[in-house]
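Here the structure comes first, spelled out in structure tokens, and everything after it is commentary.
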């Protein structure tokens, strides 16, 4: 893989150097203008529909600002709609017309024939996660896919029955793990929790690896996130996988916050399985299809799994013989006919990703999220003896340990600050009790979006009374 554009420099170093060369400060509005003018990916924003302040719920909008855009910094929760999803409405219409005109034959002919429609998205998805086409499938939802994978990869014994999961995991991951353990006849003591050190939010990698090395003989499955939903921390997938395999554990990852956000090489890293959704950084629309990866080393393995007729080989699927002639690898996990209309939305998103690369997006994110971090630290760090509200950044400063997202903890009422920001057209999300998640997405966010957010936050906190 080619060397990263900015080498070992930090975002702060690069931004400070760029500003100095242009005789401005990183904090100056002119610097934001310079960054946007020199953004080689700026044209990608034109591929998305940006919410307007005049129509977004809860935003104050005067007559002069009817056409103003919101600063949408919430792609970690729901990605924006690609224009092609609407521009391709004609293609969706073709899907419906195919059904209308060809009825049962729409499975085989026309635009996105139902039998084969998911296959059209596999090449683009494989490129995003770093795997072979036959290692990835588009199907179901994330939680369903995790359950399907764990039928195969969680095979507990009396001596090896634990699942390693992080403390405060995303609720659905927790429910999946707990219910899988209970279904196999074990109890909550089989849940082994990674914990940050006291007073810290981030999981130290040396602590993660130490737990695996110490407890590995009793761990059946390591099941962790690629990027943590709460803090935005990136986990070292390659090192975790290698360490867990050395102890005889299977390894799977929830990549909901990773795919489309960070660089992945699932095949090369030897990950056993992973699952993700397509509605966050992949911008395929709320509740759209999930996807799953199974390493091809398992193509000929006789793993237990839940079966459905769509996992049958295409050549014999419709013979209805009930003879088991299932496809190998990831394809064998498919249960039922994928919906062409939803696949069309996935394809609309992959079409945008096809115009660039994850490496290019990461290089923009290096500056974009780094720019946000720089200003947050300058304006809102806690000052000794000061009673002014402060903002603590929970997300790692090291670029290699974070994606787009920055998680912020406030010393004052998060609800009050959030309401003020939303009235200004700043869109983000919050997690209880007092954390705000802000995610500048390089596909469609600008440095101006980040600048606007910080200025709005300064305004919101300037007259805040902590008492």
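Both the radius of gyration and Dmax for region 32-176 are 22.1, 69 Å, in that order, over alpha-carbon atoms.
Report the semi-axes of the equivalent ellipsoid for region 211-336 in whole Å, largest first, where each axis is √(5λ) for an eigenvalue λ of the Cα gyration tensor.
29, 21, 11
Treating r as the C-beta distance of residue 16 and residue 104 and R0 as 60 Å, the FRET efficiency rounds to 0.40.
Taking Cα atoms only, the orientation of helix 171-183 departs from the longest principal axis of the chain by about 30 degrees. Between residue 246 and residue 383, the modelled label-to-label distance comes to 4.8 nm, taking each label 7 Å out from Cα in the direction of the beta carbon. Taking the number of Cβ atoms within 10 Å of each Cβ as an exposure proxy, the fewest-first ranking of 149, 436 is 436, 149. Across the alpha-carbon set of the chain, the Rg to Rh ratio works out to 0.99, Rh being the Kirkwood radius. Summarising the overall dimensions of region 380-467 from its C-alpha atoms, the Rg and Dmax are 13.2, 41 angstrom. Rounded to two decimals, the Cα-based Rg/Rh of region 142-276, with Kirkwood Rh, is 0.92. Listing 276, 309, 99, 269 from fewest to most neighbouring C-beta atoms within 10 Å gives 309, 99, 269, 276.
Can you quote the Å³ per residue value for the convex hull of the Cα atoms in region 121-168, rounded to an integer?
129 Å³
Counted by neighbouring Cβ atoms within 10 Å, the residues 356, 241, 395 run from fewest to most as 356, 241, 395. For a modelled paramagnetic label at residue 207, 7 Å from Cα along Cα-to-Cβ, the residues of region 237-275 in reach, with backbone nitrogen under 17 Å, are 240.
Highest mean packing first, where packing is the average number of other Cβ atoms within 10 Å per residue, the peptides 281-293, 166-178 line up as 281-293, 166-178. Per-residue ellipticity at 222 nm, computed for the chain from helices alone with -39500 (n - 2.57) per DSSP H run of at least four residues, works out to -10500 deg cm²/dmol. Return a whole-number percent for the relative contact order of the chain, with Cα pairs under 8 Å and 6 or more residues apart as the contact set. Dividing the mean separation by the residue count of the chain yields 23 percent.
For the pair residue 4 and residue 184, a Förster radius of 41 Å applied to the C-beta separation gives a FRET efficiency near 0.45, rounded to the nearest 0.05.
With R₀ set to 22 Å, the beta-carbon distance separating residue 300 from residue 335 gives a calculated FRET efficiency near 0.55. Relative to the longest principal axis of the Cα atoms of the chain, the long axis of helix 414-423 makes an angle of roughly 80 degrees. When every Cα-Cα distance of region 255-397 is counted in 5 angstrom steps from zero, the calculated P(r) takes the values 2, 8, 12, 14, 14, 14, 10, 8, 6, 4, 4, 3, 2, 1, 0, 0 percent. Between residue 236 and residue 193, the contour length at 0.36 nm per residue exceeds the Cα-Cα span by 13.8 nm.
Count the DSSP beta bridges whose two residues both fall in the chain, then state the antiparallel fraction as a percent rounded to the nearest 5.
55 percent
Taking label points 7 Å from Cα along the Cα-to-Cβ direction, residue 317 and residue 41 give a separation of 3.4 nm. Potential lengthening of the chain between residue 23 and residue 49 amounts to 5.9 nm, from the contour at 0.36 nm per residue minus the alpha-carbon distance.
Read the figures in this text as sums done on the coordinates, not as results from a lab. In this text, all values refer to a predicted model and were calculated from it rather than measured experimentally. We place every Cβ from the backbone using ideal geometry, glycine too, and count neighbours over all the protein chains shown.
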